[in-house]
Every structure is written in C-alpha cells, then in structure tokens.
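Colleague: Here it is, the structure in full.
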Amino acid sequence: MEAFVIRGGKRLEGTLRVDGAKNAVLPILAASILTEDKVTLEDVPQITDAAHMAEILEILGCRVTRSGRVLTVDSGNLSQWEMPDRLSKQIRSSIFLLGPILSRFRKATVTYPGGCEIGLRPIDLHLRGLRRLGVVVTEEGGLIHCDGSRMRPGDVYFDYPSVGATENVMMAAVLLDGVTTIHNAAREPEIVDLQNFINAMGGHVRGAGSHAIEITGVKHLRGVIWTPVPDRIVAGTLLAAAAITGGEIELTHAPGGDMVAVLSKLREMGCDIREEEARLCLRAPARLTAFAQLQTQPHPGFPTDMQVQMLALLAVAEGTGIIVENVFENRFTHAGDLNRMGANILCSGRTAVVRGVEQLYGARVTARDLRGGAALVLAGLRAQGETQVDQACLIDRGYDHLEDQLGALGADIRRTAL
Ligand code: EPZ
C-alpha cells in the first residue's frame, strides 16, 4: 500500500496545466466501441480508473494501446457482450458500457456495479431508461441480462438527472433508427463532451447541457481523434490547494466556464480569481472567510465532487459555515479524520456544520474514497507538522500523480510505500 506524506505550512505558488477530465474520458472510452474503426484519445491523464476501463475493453476483445497521454481503442474484434464480474465491480463506471454494448450487439450481460463509500449507487434510472427503449431487462443473482432485439427509439424521462443514466441512454440510442428524446437529462459538461465526441464520429445528438437531449439515430459511426475537455474537478482541487495555503497559482487549459459555482464559493471565501480565456489565476488571503452555506446540486449547481475539498477549506476558515450534500447519501466520511487533525465539524445526515479553527495538526489519516482522500491531502498542506494519508491508490483513481502536481507548486509532499 502507498501513502502520501505531507509537511504542511508551504504556500503554493506557480503555474500548472489541467489535464483531460476523468469523467469525460470514461464514458468516451465506453462510446469508442460504437464504431469498429480506431478511436484515438489525446490528453488522457495517467489515472487508474482510465486504466481499469481500458482493461475491461481489452477483456471484451478490443485492442487498446497507450503511448504517454494518447490512448487508442480498436474495437474491430470486439466479441464479448458479457461484462467480466471482477472488473465491473472494480469500477463503477463500467456500467457506462451497457448502452454501447447494446448498440453493438443488441444484448448485454452486466453485474451490478455495487455501491461504494459515498453511497449505494443504484442503477434503477439506467435500467428504466433502457426499458423505455424496448430493452427487456431481467435480473438474476446479481447479473443483469438485457435483450435489445426489439430496441426502438423512445421518450425517456428521468426522475433525477443522473449523469451515468443520461450517458448510457444516449449511447444506446445513437444507432437506433428514429428520434429518442431524454427529458430531465443531466447537464454536466462531460455529457456535452460525450455528445460532441459522438457527433464527431458521425452521430446526430443535440441539446446536451440542457434538460432535453435529442438523439437522431444513424446507421454507422466512424473512428475519430478526440481530446476530452479539461478536468473541472482536478482544477477545482488545485485551486482549493492554493486557497488553503494562502497561496497564489495560475492554471492553464482550465475550464473556468464550467466552474462558475466553485469559483463563486472560492471568491466568497476571500480568494481573488481572474479568468482569462483558458487561464485561471487565484490569489488567496492569509486566512479564508467561511461562506454561510453550500448546497451540492446537479450541474450547474455546486458539484458534489468538490464538496469535501470545500469542507477542508471551511475547517480552517474564519467563522462558521454549513454544507448540505444533496447528491450522495454518505459523503462526509472524512469529517472524522479532519476532526482528528483539529477541525470542528459536526455532521448530521446530509448536513455538516463547520466552525473554522486557526490551526490543524498533522496526523495519520486514511482515504476512503477518491475526493475525500484529496481533501485530506489539502488539510495536510495546511496542518502544522506531518500528515500521512494512507490508501493513496484511491486518490490515484482520479488524480494523475497528485504529489507531482502539488510538488510542482511548492508543496512538501512525497509518496511512500508502507
Ligand atoms: C457521475 O457518477 C460521476 N462519475 C461522479 O463522479 C459524480 O459524483 C456524479 O456523476 C454526480 O455528478 C463519473 O462520471 C464516472 P449520478 P454517476 O448517476 O453517474 C442516484 C468522482 O468522484 N442514482 O448522477 O454514478 C445516485 O445514487 C465521481 O469523479 C440513482 O438513484 O452519478 C446518486 O445519489 C464520484 N439511480 C445520484 O443519483 C440511478 O440509476 C447521482 O448519481 C443512478 C443514480
């Protein structure tokens, strides 16, 4: 097992480029099997979720090659429509393959991806959406069998704007002859990127980024070279790292237009942020000021994937603030570790009340999920003394060598094997 060891107290300063977005790369990798031609993705960060998704594609019969940040998928020999149990449990986003496999084979067998630390992560909305497209779904012993032999376009309404369910239905509909409409669709920027990727392949999708997406089926999709959008959550995390250390950084290739809610909250805490095209410059005060309240919402509301990073900032801010987590049911699992570092966080259900403290103190803590682990690293950057964050592998799921990125900005952080 590996851990990050951080000696706190260093102001972060410098410039860093933001890589391609994990939550765009994963559905786009799934969508790459919608064509038998070769698909090339550029600017793909070295994160383990992408590596695991590539591994699943290889097990299904695709040829996947990687050279640096360029990842190529050739699904000409794709033969498997049954998802390997071991891998589909390993990463939740394997469920994104359900729609593309149905498009390709008109049948699919997947296992329940299972929950994780932040919640049960059901897939009822995915299955309900596919049933609206005529897919016959039967469940037996944890296996989900999908018969798409009578798939047809249709109108899909989501009770909740689920990101994954929106993406799955979009990918299931792109080769169906006719028009499919998704109502109450999720509006995340990564869904817009998936739409643009599919259209670059010759698809006909309109409306991503709004609550209504219209997919007009086409007969064939062709290979393409694609660069995914920059990662707004990694960008937000790096800005939060500068904010918690009273630092001053510049991010290039940053998706500021997709980060309005996050930038607004950082400004509310006293950060001066300048946006110039794809550059974001943040200068933080010596001590942050607590915002009164933060509510996580589907996009364009405040993103749940930045909630726990803001919890760490609030922990050392002047004043008291409240965070309400409306998207996942269990996303305060790291409050206990932050309190062990000297924070004053009181959680009840989906609400955390945070009284800012002057100082945090280094401790040995454990990452339990991707974003919570990143938040513990942020706290360590501010804490007096040394902090060890165990389970660095969970952070590697979505951050490309976070120690190198923060180290390049002046942090005293190293990776160590335990
Ligand atoms: C995507 O997960 C992201 N993952 C998550 O990022 C992100 O937190 C989430 O969207 C919300 O923005 C990827 O894109 C790979 P949802 P997804 O379906 O699609 C409930 C990260 O850290 N729900 O929008 O799984 C669900 O339980 C990860 O990068 C159902 O009830 O999110 C949750 O409470 C974490 N039934 C809410 O909807 C369903 O069928 C939002 O889930 C599906 C979801």
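The values are calculated or read from the model by the stated rules, or taken from the named source; none is laboratory data. Just so you know, these numbers come straight off a predicted model, no measurement behind them. Note that each Cβ is placed from the backbone with ideal geometry, even for glycine, and that neighbours are counted across all protein chains shown. Quick note on the areas: whole protein, heavy atoms, side chains included, nothing else; ligands and nucleic acids left out. Shrake-Rupley method; radii C 1.70, N 1.55, O 1.52, S 1.80 Å.
Colleague: Contact order normalised by length for segment 22-226, with contacts defined as Cα pairs under 8 Å and 6 or more residues apart; what percent is it? Before the final figure, lay out the partial values.
Modeller: Details: 455 pairs, mean separation 40.9, N = 205.
Worked out over segment 22-226, it gives 20 percent.
Colleague: Same structure again: Going toward the positive end of the dipole of the chain, with +1 on Lys and Arg Cβ and -1 on Asp and Glu Cβ, which of Ala243, Val25, Gly209 do you reach last?
Modeller: Checked the options; the winner is Gly209.
Colleague: Could you work out the relative contact order of the chain, using alpha carbon pairs under 8 angstrom and six or more residues apart, expressed as a whole percent? Intermediate values should be presented prior to the final figure.
Modeller: Values: 1065 pairs, mean separation 89.3, N = 418.
Reported relative contact order: 21 percent.
Colleague: How about segment 189-241: which trypsin sites (Lys or Arg not before Pro) there lie in a loop by DSSP and see at most 10 other Cβ atoms within 10 Å?
Modeller: Details: sites: Arg206, Lys219, Arg222, Arg232; in loops: Lys219, Arg222.
Passing both the DSSP loop test and the Cβ count: Lys219.
Colleague: How high is the relative contact order of segment 298-403? Use alpha-carbon pairs under 8 Å, at least six apart in sequence, and give a whole percent.
Modeller: Working: 193 pairs, mean separation 27.4, N = 106.
Reported relative contact order: 26 percent.
Colleague: Quick one: work out the % antiparallel among DSSP beta bridges in segment 262-360, nearest 5. It would help to have the intermediate numbers written out before the result.
Modeller: Working: 14 of 19 bridges.
If we restrict to bridges inside segment 262-360, about 75 percent are antiparallel.
Colleague: Here's a follow-up. Which percentage, to the nearest 5, of the DSSP beta bridges contained in the chain is antiparallel? Before the final figure, lay out each step's value.
Modeller: Numbers: 57 of 78 bridges.
Here the antiparallel bridges make up roughly 75 percent for the chain.
Colleague: Write down the accessible area per residue of segment 22-226 in Å², having rolled a 1.4 Å probe over the full set of protein chains. Intermediate values should be presented prior to the final figure.
Modeller: Values: 7810 Å² over 205 residues.
Per-residue value: 38 Å².
Colleague: For the chain, what is the charge dipole size about the Cα centre, in debye to the nearest 20, if Lys and Arg each add +1 at the Cβ and Asp and Glu each add -1 at the Cβ?
Modeller: Details: 43 positive and 49 negative charges, 65 e Å.
Using only the charged Cβ atoms, the result is roughly 320 debye.
Colleague: Let me test this: with uniform point scatterers at the alpha carbons of the chain, what is the Debye-based log₁₀ I(q)/I(0) at q = 0.08, 0.10, 0.14 1/Å?
Modeller: -0.43, -0.66, -1.22
Colleague: Tell me, what is the 1.4 Å probe accessible area of Tyr157, in Å² to the nearest 10?
Modeller: Rounded to the nearest 10, the figure is 140 Å².
Colleague: Report, by chain and number, residues whose modeled amide H sits under 5 Å from the one on Arg364, excluding near sequence neighbours (fewer than 5 apart, same chain).
Modeller: It is Gln388, by chain and number.
Colleague: In whole Å, what is the distance between the alpha-carbon centres of segment 105-134 and segment 156-196?
Modeller: 14
Colleague: Modelled label-to-label distance, Glu318 and Leu143, 7 Å Cα→beta-carbon offset: nm?
Modeller: 6.3
Colleague: If one computes the Cα centroid of segment 351-403 and of segment 220-247, what distance in Å separates the two points?
Modeller: About 20 Å separates the Cα centre of segment 351-403 from the one of segment 220-247.
Colleague: Quick check: at a probe of 1.4 Å, how many percent of the accessible area of the chain sits on carbon and sulfur atoms?
Modeller: Values: 7420 of 15380 Å².
The nonpolar share, carbon plus sulfur, comes to 48 percent.
Colleague: At Lys219 and Arg106, where each label point lies 7 Å from the Cα along Cα→Cβ, what is the point-to-point distance in nanometres?
Modeller: Taking the simple label geometry, Lys219 and Arg106 are separated by 1.6 nm.
Colleague: DSSP beta bridges in segment 22-226, what fraction antiparallel, as a percent rounded to 5?
Modeller: Values: 27 of 34 bridges.
Antiparallel bridges: around 80 percent, rounded to the nearest 5.
Colleague: So what's segment 6-121 giving for Rg/Rh, alpha carbon basis, Kirkwood Rh from the mean inverse pair distance? Before the final figure, lay out the partial values.
Modeller: Working: Rg = 16.3 Å, Rh = 15.4 Å.
Looking at segment 6-121, the ratio lands at 1.06.
Colleague: Moving to a separate point now. At 1.4 Å probe size, with no ligands or nucleic acids counted, give the accessible surface of Ser348 in Å², nearest ten.
Modeller: Spelled out: Ser348, probe radius 1.4 Å, area about 90 Å².
Colleague: Among Val260, Val353, Val229, whose mean-square fluctuation peaks in a Gaussian network model of the chain (Cα, cutoff 10 Å)?
Modeller: Between Val260, Val353, Val229, it is Val260 that shows the largest mean-square fluctuation.
Colleague: What residue among Thr138, Thr333, Thr296 has the largest mean-square fluctuation in a Gaussian network model of the chain, using Cα springs under 10 Å?
Modeller: Thr138
Colleague: What are the trypsin sites (Lys or Arg not before Pro) within segment 262-296 that DSSP puts in a loop, where the Cβ has at most 15 other Cβ atoms within 10 Å? All intermediate terms of the calculation are to be shown ahead of the outcome.
Modeller: Details: sites: Lys265, Arg267, Arg274, Arg279, Arg283, Arg287; in loops: Arg287.
The qualifying sites are Arg287.
Colleague: Using only Cα atoms, tell me the angle between helix 48-59 and the longest principal axis of the chain; keep it within 0 to 90° and round to the nearest 10.
Modeller: It is inclined by approximately 20 degrees.
Colleague: Then there is this: Which of Val70, Val110, Val18 ends up with the largest GNM mean-square fluctuation for the chain, with Cα atoms connected below 10 Å?
Modeller: Result for the chain, Cα springs under 10 Å: Val70 fluctuates most.
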